[in-house]
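The structure appears right after this line, and notes come after that.
The values are calculated or read from the model by the stated rules, or taken from the named source; none is laboratory data. Owing to the predicted nature of the structure, the values given are computational and were not obtained by experimental measurement. Cβ: placed from backbone, ideal geometry, glycine included. Neighbour counts: every protein chain shown. Accessible surface areas use protein heavy atoms only, side chains included; no ligands, DNA or RNA. Shrake-Rupley method; radii C 1.70, N 1.55, O 1.52, S 1.80 Å.
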Amino acid sequence: MSFGRPPSISTGFQVTPPNRGAFPLDHYGECKAFMTQYLECLKKNASTSSECRHLNRDYLNCRMQNGLMEKDEWK
């Protein structure tokens with residue numbers, strides 16, 4: 001039986017970016033610098049995110065550019 005077995009490469013398994021709201025781990029730390037800046041800004045501003053919104057946008061943009069989340073429009 002093959003229950004719980006990872007899909008076989010020979011069956012045409014294809015990796016796709018996750019849907020909106022699903023955030024896979026950044027295993028290679030590609031966006032770690034953006035995340036660190038954002039968290040430091042939150043600490044300085046008593047967790048008030050409005051002061052750090054520009055850093056959050058940079059972080060999310062990095063994730064989109066590196067295929068860690070689905071690309072979306074900035075509205």
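Screening PHE34 on (1) part of a helix (DSSP H, G or I); (2) open to solvent by less than 70 Å² (accessible area, probe 1.4 Å) shows it passes everything except condition (2).
Report, by residue number, each residue of the stretch 41-75 that is over 24 Å from THR16 (Cβ atoms), open to solvent by less than 100 Å² (accessible area, probe 1.4 Å), assigned to a helix (DSSP H, G or I) and in contact with a helix residue (DSSP H, G or I) (Cβ under 9 Å, 6 or more places away or on another chain). Across the stretch 41-75, the qualifying residues are CYS41, LEU42, SER49, CYS52, LEU55, ASN56, ASP58.
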